[in-house]
There are 2 protein chains.
Amino acid sequence: MRTRPLKVALLGCGVVGSEVARIMTTHAADLAARIGAPVELAGVAVRRPDKVREGIDPALVTTDATALVKRGDIDVVVEVIGGIEPARTLITTAFAHGASVVSANKALIAQDGAALHAAADEHGRDLYYEAAVAGAIPLIRPLRESLAGDKVNRVLGIVNGTTNFILDAMDTTGAGYQEALDEATALGYAEADPTADVEGFDAAAKAAILAGIAFHTRVRLDDVHREGMTEVTAADFASARRMGCTIKLLAICERAADGASVTARVHPAMIPLSHPLANVREAYNAVFVESEAAGQLMFYGPGAGGSPTASAVLGDLVAVCRNRLGGATGPGESAYAALPVSPMGEVVTRYHISLDVADKPGVLAQVATVFAEHGVSIDTVRQSGKDGEASLVVVTHRASDAALGGTVEALRKLDTVRGVASIMRVEGE
Amino acid sequence: MRTRPLKVALLGCGVVGSEVARIMTTHAADLAARIGAPVELAGVAVRRPDKVREGIDPALVTTDATALVKRGDIDVVVEVIGGIEPARTLITTAFAHGASVVSANKALIAQDGAALHAAADEHGRDLYYEAAVAGAIPLIRPLRESLAGDKVNRVLGIVNGTTNFILDAMDTTGAGYQEALDEATALGYAEADPTADVEGFDAAAKAAILAGIAFHTRVRLDDVHREGMTEVTAADFASARRMGCTIKLLAICERAADGASVTARVHPAMIPLSHPLANVREAYNAVFVESEAAGQLMFYGPGAGGSPTASAVLGDLVAVCRNRLGGATGPGESAYAALPVSPMGEVVTRYHISLDVADKPGVLAQVATVFAEHGVSIDTVRQSGKDGEASLVVVTHRASDAALGGTVEALRKLDTVRGVASIMRVEGE
C-alpha cells in the first residue's frame with residue numbers, strides 16, 4: 001500500500017459534509033485498505049469559520065474555497081455546497097488544477113452536467129455524483145456500469161422523500177394535503193419552504209440526470225415535464241383505492257416505442273398496489289428500471305439525510321481515489337445516442353378522469369362521444385349520482401397526452417359537464 | 001474511438017452463452033460506443049459442435065476450449081460453462097495468456113474465488129462475476145464499489161428463485177411443499193433434480209460470495225451454515241401468518257455486534273409482512289443490505305434466466321473492456337479485514353417453536369423453566385388444546401443458536417412434551 005496520502009478538499013461542511021469528514025476520520029484504516037493509500041482531509045471550505053465543528057482540525061478550515069481548490073496538491077474535491085454558484089466555478093477550477101471531483105449537487109449536474117463532464121475530460125479527471133440522485137441508493141453506478149451491456153427502456157422512480165412521506169401519510173391516514181404537509185414539516189421531512197419538493201423541481205432535476213444516463217443521451221432540466229403534487233386530494237386517494245391503486249409522485253423516463261426519442265416527466269400518478277413502488281413508505285426512495293435483457297429491477301433505500309448521502313459520496317471518493325492511483329479515469333458521460341427529447345404531448349399512458357356532470361339521460365353518451373372524437377378509447381366508466389348532481393369516472397386505455405388534453409378541453413365545453421374534478425395518469429401496469 | 005476490436009472468447013453456449021452472443025451481435029454499435037472500441041466474438045467453445053446456433057458463425061465454434069483461451073490474442077474470456085472443472089483450469093489458463101475473465105459461475109467463485117483473484121492479480125487482469133449472484137440484479141458492484149466508503153453490517157437476501165417460487169406458492173395457495181414443487185417443476189422453475197435449490201446449496205454459494213464482498217473478508221462455502229426448505233409445511237405458514245409473517249429461504253450474512261467476526265447462513269425463516277423482502281413474489285430475487293451510513297437498501301430483480309444473466313455478464317464485459325483500453329484493472333478481491341467466521345451456535349436471533357404437549361396443569365411452567373435454565377427469554381406463548389392433546393407456541397427474544405439448541409434438547413426430554421413440531425427462526429425485525 002502506498003503510504004503517501006491522497007489529499008481531499010471538502011467544500012461545504014453542513015449535514016452531509018460533516019458526516020463525510022467524520023467517516024473519513026473514524027473509518028480511515030478501512031478507507032485506506034480499500035483504496036490502497038490513506039486519504040487525508042487537506043482542507044474544509046465553509047461560510048462560517050467560527051462554528052465549532054467536532055472532529056475537524058480548525059487549522060483545516062478556510063472561507064476561501066477558491067484558494068483551496070487552486071492549491072494544486074489536492075487529489076479529490078468533494079463538493080457538498082449545493083446550488084449552481086459558486087459550486088460550478090469551484091468544480092471547473094478544481095479540474096483545471098488537477099483534482100477529480102465528487103459532487104452531491106443534483107441541481108448543478110442536471111443543469112450543467114454536460115459542460116462539467118467536458119471539463120473533467122479535458123483535464124483527464126473524474127466527475128462522480130452518485131449522491132445527487134436518491135441519496136444512498138446505488139443508482140448511477142448500476143445504470144452506468146452494471147447495465148452498460150443492456151438497453152434500458154424505462155425508469156420509474158420515487159426520488160423525493162418529502163413528497164413520498166406526504167403522499168404516504170395521506171394514503172394511510174386519510175389526511176388532506178395541507179395536514180400531511182404540516183406533519184412532514186413538524187417531523188423535519190419538509191423544509192419551511194417546501195416548493196422545491198412539492199412542486200417537483202427536485203424530482204425533475206433527478207429525472208434529467210437519470211434519463212441522460214439511462215438512455216446515453218442528454219436530457220436538460222427544461223426537457224422534463226413537471227407537475228407538482230399540491231393538488232392531490234383525499235378524494236383522489238379514494239378513487240385510486242377503488243382502482244386497486246395508490247398515488248405516488250413519479251419521475252418517469254421512457255424510450256419511445258420506436259426507440260428514436262425519449263421523454264422525461266415528473267407528476268403524481270396512480271400505480272397498482274401490486275407494483276413494487278406502491279409499497280415504498282414514508283420518506284424512502286425507490287427506482288424501478290425496465291431493461292431489455294435484465295427485465296424489471298428495483299433499487300430501494302433512504303433518499304436523503306446526512307449519513308446516507310455521505311455513504312454515496314464516500315463510495316465515489318473511494319472509486320475516484322482508486323482511479324487516480326491506477327492512473328485511470330472511470331466511465332464519464334455517455335451521451336453518444338443523442339436522442340431527441342419528445343414533448344409531453346407525445347407521452348402515451350392511461351388516464352383516470354373524474355367529471356362532475358348533470359344527472360340526466362344522455363350525458364354518458366355525450367361524454368363518450370367526445371372521447372371517441374379525440375381517439376381516446378375508454379376502458380371503464382363508473383357513474384354515480386343523486387339530487388340532480390352526478391359524477392362520472394372514466395378510465396382510458398393508452399392514449400397520447402395531447403389527445404387526452406384535447407378531450408378534456410372539449411369536455412369542459414359541454415353544457416352537461418359542470419367541472420373536471422381531477423385528471424390523473426395511471427402508470428406501472 | 002479505437003477501430004481495432006477487442007476480442008472475446010465465449011466458453012459455453014447454452015441458455016446464457018447464446019444470449020450473450022446474440023446481444024453482442026445485435027447491440028454491437030451500442031457496446032462499441034460504450035466501451036470505446038468494437039468487441040468481436042473471436043471464438044465459442046462448446047461441447048456439441050454440430051448443434052445449429054442461430055446467429056453464430058460456425059467457423060467460430062470449437063470444442064477445444066483450452067486452445068481458445070491459449071490463443072494469446074483474446075482480450076476477455078467469458079465463462080458460462082458452470083461447475084468447477086474444466087472452468088477453473090480454463091480461467092487460470094486465460095489469465096496466464098493475457099485475458100481478463102467474466103464469469104457467471106457461483107459454485108466456482110464460492111469455492112475458489114481467492115485463488116482465482118490471486119491468479120488475476122498475478123497477471124494484472126480482471127476477474128468480474130456480477131452474474132454469479134442474483135442474476136441481473138446489480139449487487140456485487142454496488143457492494144464492492146458504491147458501498148466502498150460504508151460499513152455493511154448485514155445482508156439478508158432471497159437469492160434463489162426456485163425456492164422463492166415454491167414458498168410463494170405455498171403462501172398464496174395453501175399448498176404443501178411437494179405440490180408447490182411439482183408446480184414449479186411443471187412451469188420450468190425447478191430442475192428435474194431440485195436438490196441444489198431446495199437444500200440451499202445454491203443459496204449457500206451466493207451467501208459465501210456476498211459475505212466475503214460485504215465484509216472485506218474471505219468466507220468459504222464450508223463456513224456457511226445451510227438448511228434446506230423441504231421441511232416447511234402449510235402449518236408453518238399458518239403459524240407465520242398468525243405472527244404477521246411469511247416464510248422465505250434467506251441467505252443471511254452478519255457482522256457480530258462487536259465487529260470482530262462474521263456469520264453466514266442459509267435457512268428458511270419467518271419475516272414480518274411489513275419487511276420489503278416479504279413482498280418478493282414468484283421467482284424474483286431481492287437482497288436487503290444494512291450498512292452503518294446508508295441505512296437500509298434493497299436490490300430487487302430477476303435472479304436467473306438467460307437474458308437477465310446475460311445482462312449482468314455484458315455489464316461486466318463492458319467494464320473489463322474499458323479497463324483494458326485504459327490500461328487499468330477494476331477493484332479486485334478486498335479481503336484485508338480477514339475476519340473469522342463464527343459457527344452457527346454463536347448466531348443470535350429469535351425463534352418460533354411449536355410443541356405438542358400433554359394437556360394438563362403445570363406443563364407451561366415446566367416448559368418455561370427449561371427456557372429460563374438455558375438463558376432463553378420468552379417473548380410470547382400461545383397455548384391451545386383439546387381432548388388431552390395441546391400445543392404450545394413459544395416465540396423467544398433474541399438468543400444464541402447454541403442456547404436455543406440446548407433448550408430444545410432439554411424440552412424433548414420432558415415427559416409432558418410429546419414432540420417438537422417445528423422450530424423456525426424469525427428474522428428481519
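The values are calculated or read from the model by the stated rules, or taken from the named source; none is laboratory data. This one's a predicted model, so the numbers in the text were calculated from it and none came from an experiment. All Cβ positions, even for glycine, are placed from backbone atoms using ideal geometry, and neighbour counts span all protein chains on display.
Table: residues versus (1) in contact (Cβ under 8 Å) with a residue 12 or more places away in the chain; (2) within 27 Å of B:GLY212 (Cβ to Cβ); (3) among the acidic types (Asp, Glu).
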site	(1), (2), (3)
B:ILE23	yes, no, no
B:ALA29	no, no, no
B:ARG47	yes, no, no
B:GLU85	no, yes, yes
B:THR93	yes, yes, no
B:VAL102	yes, yes, no
B:ASN105	yes, yes, no
B:ASP112	yes, yes, yes
May I ask you to verify whether A:GLY124 is in contact with a strand residue (DSSP E or B) (Cβ under 6 Å, 6 or more places away or on another chain), within 12 Å of another protein chain (Cβ to nearest Cβ) and touching a residue at least 60 places away in the same chain (Cβ under 8 Å)? no
Being more than 14 Å from chain B (Cβ to nearest Cβ), assigned to a loop (DSSP other than H, G, I, E, B) and of a type in the set (A, V, I, L, M, F, W, C): is that true of A:MET229 here? yes
Out of everything in the stretch A:335-363 that is buried (at least 18 other Cβ atoms within 10 Å of the Cβ) and not aliphatic (A, V, I, L, M), what residue ends up being nearest to the chain's Cα centre (by Cα)? A:THR349
Picking from A:GLY188, A:GLY259, the residue that is out of contact with any helix residue (DSSP H, G or I) (no Cβ under 9 Å at 6 or more places or on another chain), within 22 Å of A:GLY301 (Cα to Cα) and in a loop (DSSP other than H, G, I, E, B) would be A:GLY188
Selection from the stretch B:393-418 of residues that are over 21 Å from B:VAL348 (Cβ atoms) and assigned to a helix (DSSP H, G or I): B:ARG412, B:LYS413
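For (1) touching a strand residue (DSSP E or B) at 6+ places or on another chain (Cβ under 9 Å); (2) among the β-branched types (Val, Ile, Thr); (3) surrounded by 15 or more Cβ atoms within 10 Å (Cβ to Cβ); (4) not in a helix (DSSP H, G or I), each residue gets a yes or a no:
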site	(1), (2), (3), (4)
B:THR3	no, yes, no, yes
B:LEU10	yes, no, yes, yes
B:ILE23	no, yes, yes, no
B:ALA29	no, no, no, no
B:ALA32	yes, no, yes, no
B:ALA42	yes, no, yes, yes
B:ILE56	yes, yes, yes, yes
B:ALA59	no, no, no, no
Inside the stretch A:367-380, can you point out the residues that are surrounded by 15 or more Cβ atoms within 10 Å (Cβ to Cβ) and aliphatic (A, V, I, L, M)? A:VAL367, A:VAL370, A:VAL376, A:ILE378
Pick from the stretch A:148-196, criterion under 21 Å from the mean Cα position of the chain (by Cα) and among the polar types (S, T, N, Q), ranking: farthest from B:ALA28 (Cα to Cα): A:THR185
Can you pull out every residue in the stretch B:281-324 that is within 27 Å of B:ASP171 (Cα to Cα), in contact with an Asp or Glu (Cβ under 6 Å, 6 or more places away or on another chain) and within 7 Å of chain A (Cβ to nearest Cβ)? B:GLN296
Can you pull out every residue in the stretch B:133-156 that is surrounded by fewer than 24 Cβ atoms within 10 Å (Cβ to Cβ), part of a helix (DSSP H, G or I) and either within 7 Å of chain A (Cβ to nearest Cβ) or at positive phi (or both)? B:ARG141
Count - residues of the stretch A:383-414 that are in contact (Cβ under 8 Å) with a residue 24 or more places away in the chain and more than 19 Å from A:ALA256 (Cβ to Cβ): 18
The listed residue being modelled with pLDDT under 95 and either within 22 Å of B:ALA293 (Cα to Cα) or assigned by TED's automatic domain parsing to the domain that holds A:ALA310 (or both), out of A:PRO86, A:PRO58: A:PRO58
Which residue, of B:VAL262, B:VAL232, B:VAL198, B:VAL224, is touching an Asp or Glu at 6+ places or on another chain (Cβ under 9 Å) and over 20 Å from B:PRO276 (Cα atoms)? B:VAL262
So B:ILE252 fits all but one of (1) more than 10 Å from chain A (Cβ to nearest Cβ); (2) surrounded by 23 or more Cβ atoms within 10 Å (Cβ to Cβ); (3) within 28 Å of B:ILE35 (Cβ to Cβ); what number is the exception? (3)
Would you call B:ALA186 farther than 23 Å from B:GLU429 by Cα, within 12 Å of another protein chain (Cβ to nearest Cβ) and at pLDDT 95 or above? no
Would you confirm whether any residue within the stretch B:157-166 is buried (at least 24 other Cβ atoms within 10 Å of the Cβ), within 14 Å of chain A (Cβ to nearest Cβ), assigned to a helix (DSSP H, G or I) and on the phi < 0 side of the Ramachandran plot? yes
Please work out if B:ALA421 is part of a strand (DSSP E or B), under 26 Å from B:THR230 (Cβ atoms) and out of contact with any helix residue (DSSP H, G or I) (no Cβ under 6 Å at 6 or more places or on another chain). yes
With respect to B:GLY330, is the statement that it is farther than 26 Å from B:LEU156 by Cβ, touching a helix residue (DSSP H, G or I) at 6+ places or on another chain (Cβ under 8 Å), at pLDDT below 95 and among the small types (Gly, Ala, Ser) true? yes
I need a count of the residues in the stretch B:303-322 that are at pLDDT below 95 and surrounded by fewer than 24 Cβ atoms within 10 Å (Cβ to Cβ). 3
